[in-house]
Amino acid sequence: LAKQEGRNTYRFHTPALSRAASERLSLETCLRRALTEHEFVLHYQMLIDARTEAVIGVEALVRWQPAGKALVPPGIFIPIAEETGLIVPLGEWVLSTACKQGKAWMDAGIPALIMAVNLSVRQFQSVDVVELVRRVLADSGFPADRLELELTEGMLMDDAKQSIATLNALKELGVRLSIDDFGTGYSSLAYLKRFPIDKLKIDQSFVRGLSDDINDREITATIIAMSRVLKLDVLAEGVETEQQLAFLRESGCDYYQGYWFHKPEPAADLQKRLGDFPRKIYPTG
Ligand code: C2E
Ligand code: MG
Ligand code: MG
Ligand code: MG
């Protein structure tokens, strides 16, 4: 009660700022509790092979399920988790849960799917990210070559030299690396060539405009062509319509992800659905 009163007093002086600050503080407190109360869940979205339209893997996407309330999307809490440092234990939980799920699917006789996991800036730049990944792989028994870590241009270009060292160390573990939301940052082509990455994921903002925006079409076609030159796989995010798909097919995109194929859902629901989908085992090496 005292706390509440204190906050109300503060709010009286600077209403807008204080409300934002106190909402943030209470969200932070809730997030901390959410971690200990196991309120985070992972949903999984299929990654589709363009040629066969078979599922080759899934991306793990975190959600917060506060007791008795609606699901909260990561866009709301990931930035706060980043700022407060809570992303470190949360990110570890995500990585470990995704790898255990991947192993459980293998044990259930489902051919080894790629498990794509988003890393946050803070996780990627932490000194023990390599050790974390090594340990999670060892503990879960999930094969390294099935794990794909998703990074963004921003976190890589922040300290490009250091990034190369970290990426090389991650590659030595045998994991796959992709650049998420590609095209929204400002990668230097010189560095892009030197980063030991496997895949570019074209940001969904370009895919959205494919049916009517000439610029988005040109940008998308250029990223696909560039991937060919750099010998990288290329995936289009946010595929929602048949027109978008038609353009991507013509342009020679390797992989798709989007509501047109599948909306993220909990592991159990996805597992049932996997039976209806053809599957393709992703080549190793
Ligand atoms: P992202 O990694 O680029 O993930 C793709 C996002 O696009 C997901 O949103 C997914 O649900 C959404 N999406 C997929 N297909 C479509 C489509 O056809 N149309 C539209 N409109 N959206 C589509 P979500 O799950 O809300 O995640 C948003 C972002 O939050 C992710 O973007 C990622 O940057 C971050 N995020 C999610 N889970 C994690 C996590 O475990 N750790 C970290 N560090 N970040 C995460
Ligand atoms: Mg992602
Ligand atoms: Mg992202
Ligand atoms: Mg993305």
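Okay, here's what the table says:
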| quantity | calculated |
| --- | --- |
| Qualifying position, being within 20 Å of GLU153 (Cα to Cα), within 16 Å of ligand 3 (Cβ to nearest atom) and touching a His at 6+ places or on another chain (Cβ under 6 Å), among LEU119, LEU61 | LEU61 |
| Flag for SER187 being farther than 23 Å from LEU42 by Cα, in contact with a helix residue (DSSP H, G or I) (Cβ under 7 Å, 6 or more places away or on another chain) and within 16 Å of ligand 4 (Cβ to nearest atom) | yes |
| Search result, residues across region 89-116 that are closer than 12 Å to LEU132 by Cα and either among the hydroxyl-bearing types (Ser, Thr, Tyr) or out of contact with any strand residue (DSSP E or B) (no Cβ under 7 Å at 6 or more places or on another chain) (or both) | PRO89, GLY91, GLU92, SER96 |
| Residue count, region 235-249 (criterion: over 12 Å from GLY183 (Cα atoms), within 16 Å of ligand 4 (Cβ to nearest atom) and not charged (D, E, K, R)) | 5 |
| Matching residues, region 233-253, being within 16 Å of ligand 2 (Cβ to nearest atom) and assigned to a loop (DSSP other than H, G, I, E, B) | GLU237, GLY238, VAL239 |
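Residue-wise test of (1) aliphatic (A, V, I, L, M); (2) surrounded by fewer than 16 Cβ atoms within 10 Å (Cβ to Cβ); (3) under 22 Å from the mean Cα position of the chain (by Cα); (4) more than 21 Å from ILE164 (Cβ to Cβ).
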| residue | (1), (2), (3), (4) |
| --- | --- |
| LEU200 | yes, no, yes, no |
| GLN204 | no, no, yes, yes |
| LEU210 | yes, no, no, yes |
| ALA221 | yes, no, no, yes |
| GLU240 | no, no, yes, yes |
| GLN244 | no, no, yes, yes |
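Every residue, every condition in (1) assigned to a loop (DSSP other than H, G, I, E, B); (2) more than 16 Å from ligand 2 (Cβ to nearest atom); (3) modelled with pLDDT of 95 or more, yes or no:
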| site | (1), (2), (3) |
| --- | --- |
| MET46 | no, no, yes |
| ARG63 | no, no, yes |
| ALA70 | yes, yes, no |
| LEU90 | no, no, yes |
| SER96 | no, yes, yes |
| LYS100 | no, yes, yes |
| VAL117 | no, no, yes |
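Residues are listed down the side, and each one gets a yes or a no for (1) touching a helix residue (DSSP H, G or I) at 6+ places or on another chain (Cβ under 9 Å); (2) surrounded by 15 or more Cβ atoms within 10 Å (Cβ to Cβ); (3) under 21 Å from LEU86 (Cα atoms):
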| residue | (1), (2), (3) |
| --- | --- |
| GLN123 | yes, yes, yes |
| GLU131 | no, no, yes |
| PRO143 | yes, yes, no |
| LEU151 | yes, yes, yes |
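The values are calculated or read from the model by the stated rules, or taken from the named source; none is laboratory data. Fair warning: this is a prediction, and the values are worked out from it, not measured in the lab. Note: ideal-geometry Cβ built from the backbone for every residue, glycine included; neighbour counts use all protein chains shown.
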